[in-house]
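The values are calculated or read from the model by the stated rules, or taken from the named source; none is laboratory data. Only a predicted model underlies this, so the values are computations on that prediction, with no experimental measurement involved. Cβ: placed from backbone, ideal geometry, glycine included. Neighbour counts: every protein chain shown.
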Amino acid sequence: MSDQNAVIVENVSKKFRIYHERNQSIKQMVLRRSRGVYEEFWALKDVSLTIPVASSYGLIGENGSGKSTLLKCMAKILVPDEGSVVVNGSISALLELGAGFHPELSGRENVFLNGAILGISSKELNRKFDEIVAFSGIERFIDTPVKNYSSGMYVRLGFSIAINVSPDVLLVDEVLAVGDAEFQMRCADKFTELKGSGCTIVVVSHSMEMVQSLCDSAAWLEHGSLKMSGPADQVIRGYLDHVAHNREATAPAPAAPDPVAPIVPDTAVPAP
Amino acid sequence: MNKVASNTRAKDFAAARSLLINLTLRENRSKYKRSTLGWAWSMVNPLATMLIFTFVFLYVFGVDPPLGSPSGLKNFGFFLISGLLPWNFLSAGLTAATGSVVANAGLIKKVYFTRAVLPAASVLSWNTNLLIELGVLSVALIFVGQFVFVYLPAALVVIVLQMFFVLGIGLCLGALNVYFRDIEHFLQILLLLWFYATPIIYPTSLVFSNPRITGPLKTVYLLNPMVHFSEAYRDIFYNLRSPSPSTFFYMAVSALISMTFGLWVFRKLEAKFAEEL
């Protein structure tokens, strides 16, 4: 890539509708003259960040902070309402392993199907087939319908396919929490290997340990806004300090919040 | 607006083609899985329908089967099946395409790919059935001395045009079904009405010789694209003649309008699929 950056996120905002009452039939829509009662909720608000080529980047933050939404915008699954996301090169997203497996088809047939879904040509798949199966470690069961697989086997096969796409940008969302310890270690090795070969990795994780060991830089999101970005250890420290601080602030039953001078200006109370 | 780097466009297209082939294979492979008869079901269904209709119309109503010209065929079974097979393709293809986006919700929410391949794979999969069934019909026609193979190139054109016609509607309905699940149920009523508005169990001449069906009603009748598709299939597989140029013209225009409109609707709606599902 001639470009220095693998991912450029510019002023991205994404809103969702939270339906209180949803009209999913034409009758209801005509009667009520609307598609339902909803309020708008900004899952991402004016987020900008750049991720350099061949680096690894962690997205951290509490539940509902917009990490996964941002990752899905990068993966082109969601289209931002404002701003732009530019990804240079091919993308592979590990949001759910084995998404699109057909239970009645054999592992072999599903490798080709899932590979096609992830955008690998059949020629490339033919070449990599043995490698994929070897990495998953389920050679013996490759001609068995996947409905008979254990959940571990299912995930391992899904992971092997996704990892062998050889993408320019790999997006990972908390999928490493599955599989046994041995498989997790193999995954970590594979990530290091991919990084070495120039692949850019973006990881969403709650495991600070993993972000610390895997990522060069990180971004901390809170309530849809970018709170901090920079070298991974600094961002993680900032985030952990904030969490600790928050617990201190809330634990000893705080006095009635003072509207004039908030005690902690930074720790934003969730906007309704 | 979301900018897409232009170099990924070409790659996207190649990936979509390979995915379309694979998804069609998935549907084909899984369609009759775990049924003892397997792909024979593709033949059993139309044959059973043919037997039932033949019994009802020939023996109960005493209908005289129309004479195929120039083939000289006078057989209600052949007459019926030449209209029924393309109808079954439309009916099954549309039903599958309409449900295809919702049925693959898990995939849409987790992986990026060209969404239009989902309805396309459903339609192509049922198109495979049509090809097999027409192949068997052609062989059966040989056995009664009708050398239909001369017209197979013309048949291929008709099949491709009908495929695009069905795909256009399928794209539109598949996308709308994400927002209003009524579409699936509404479709079944539409198909029932459409079945009788199409010359399948009766010849077109019956409509035109009916004194109660006058000028404007005839025009409305002829606006149904399936009238022309059915006529074309019947010309090839019952009358054994090439469909008229005007029939080809109608079919091509229907296919073009359907695809243009279907793609337009699908493009408009696909960006929000992942949120709506």
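Could you say which residue among B:GLY62, B:GLY68 is among the small types (Gly, Ala, Ser), more than 14 Å from chain A (Cβ to nearest Cβ) and in contact (Cβ under 8 Å) with a residue 40 or more places away in the chain? It would help to see each step written out before you state the result.
Working: B:GLY62 fails: in contact (Cβ under 8 Å) with a residue 40 or more places away in the chain.
Within the list B:GLY62, B:GLY68, the selection yields B:GLY68.
Condition (residue is surrounded by 20 or more Cβ atoms within 10 Å (Cβ to Cβ) and touching a strand residue (DSSP E or B) at 6+ places or on another chain (Cβ under 8 Å)) applied to the range B:112-130: is it met by at least one residue?
Yes; the residues of the range B:112-130 include at least one that is surrounded by 20 or more Cβ atoms within 10 Å (Cβ to Cβ) and touching a strand residue (DSSP E or B) at 6+ places or on another chain (Cβ under 8 Å).
Quick grid of which residues meet (1) touching a strand residue (DSSP E or B) at 6+ places or on another chain (Cβ under 7 Å); (2) under 16 Å from A:ARG156 (Cα atoms); (3) part of a helix (DSSP H, G or I):
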| residue | (1), (2), (3) |
| --- | --- |
| A:VAL85 | yes, no, no |
| A:ALA93 | yes, yes, no |
| A:LEU97 | no, yes, no |
| A:ARG108 | no, yes, yes |
| A:ALA116 | no, no, yes |
| A:LEU125 | no, no, yes |
| A:ASP130 | no, yes, yes |
| A:ALA134 | no, yes, yes |
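Check off (1) farther than 18 Å from B:ARG26 by Cα; (2) surrounded by fewer than 23 Cβ atoms within 10 Å (Cβ to Cβ) for B:SER82 and give me the number that stays unchecked.
Failing condition for B:SER82: (2).
Can you find a residue that is in a strand (DSSP E or B) and within 12 Å of chain B (Cβ to nearest Cβ) anywhere in the range A:41-61?
There is at least one residue in the range A:41-61 that is in a strand (DSSP E or B) and within 12 Å of chain B (Cβ to nearest Cβ).
Find the residue count for the range B:153-173, including only residues that are more than 16 Å from B:SER230 (Cα to Cα) and either hydroxyl-bearing (Ser, Thr, Tyr) or at pLDDT 95 or above (or both).
Looking only at that region, the number is 7.
Can you tell me which residue within the range B:29-52, out of those that are more than 18 Å from B:LEU80 (Cα to Cα) and in contact (Cβ under 8 Å) with a residue 60 or more places away in the chain, is surrounded by the fewest Cβ atoms within 10 Å (Cβ to Cβ)?
The first filter runs over the range B:29-52 and keeps only residues more than 18 Å from B:LEU80 (Cα to Cα), leaving B:29-41.
Adding the requirement that they be in contact (Cβ under 8 Å) with a residue 60 or more places away in the chain leaves B:31, B:39.
On the way: B:LYS31: 17, B:TRP39: 14.
That would be B:TRP39.
State whether one or more residues within the range B:261-270 are under 17 Å from B:LEU90 (Cβ atoms), crowded, with 17+ Cβ neighbours inside 10 Å and in contact (Cβ under 8 Å) with a residue 24 or more places away in the chain.
yes
Name the residues in the range A:143-169 that are assigned to a loop (DSSP other than H, G, I, E, B), modelled with pLDDT under 85 and β-branched (Val, Ile, Thr), would you?
A:VAL165
Kindly indicate whether any position in the range A:124-140 is touching a residue at least 24 places away in the same chain (Cβ under 8 Å), β-branched (Val, Ile, Thr), closer than 18 Å to B:ALA15 by Cβ and within 12 Å of chain B (Cβ to nearest Cβ).
no
Within the group B:ILE183, B:ILE257, B:ILE236, which residue is within 14 Å of chain A (Cβ to nearest Cβ) and in a helix (DSSP H, G or I)?
Details: B:ILE257 fails: within 14 Å of chain A (Cβ to nearest Cβ); B:ILE236 fails: within 14 Å of chain A (Cβ to nearest Cβ).
Unique residue meeting the criteria: B:ILE183.
Give the range A:92-117 a look and list any residue that's at the interface with another protein chain (Cβ under 7 Å from one of its Cβ atoms) and closer than 30 Å to A:GLU10 by Cβ, or say none.
A:ALA93, A:LEU95, A:GLU96, A:ALA99, A:ILE117
Are any residues in the range B:205-233 in a helix (DSSP H, G or I) and farther than 26 Å from B:LEU94 by Cβ, and if so, which ones?
B:SER205, B:PHE208, B:GLY215, B:PRO216
Among the residues that make up the range B:117-127, is at least one of them touching a residue at least 40 places away in the same chain (Cβ under 8 Å), under 14 Å from B:LEU85 (Cα atoms) and of a type in the set (S, T, N, Q)?
no
Results for (1) under 17 Å from the mean Cα position of the chain (by Cα); (2) under 30 Å from B:PRO65 (Cβ atoms); (3) buried (at least 17 other Cβ atoms within 10 Å of the Cβ), shown as yes or no for each residue.
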residue: B:GLN162; (1), (2), (3): yes, yes, yes
residue: B:GLY168; (1), (2), (3): yes, no, yes
residue: B:LEU176; (1), (2), (3): no, no, yes
residue: B:THR204; (1), (2), (3): no, yes, yes
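Within the range A:65-90, how many residues are in contact (Cβ under 8 Å) with a residue 24 or more places away in the chain and either more than 24 Å from B:VAL102 (Cα to Cα) or at the interface with chain B (Cβ under 7 Å from one of its Cβ atoms) (or both)?
Number of matching residues: 15.
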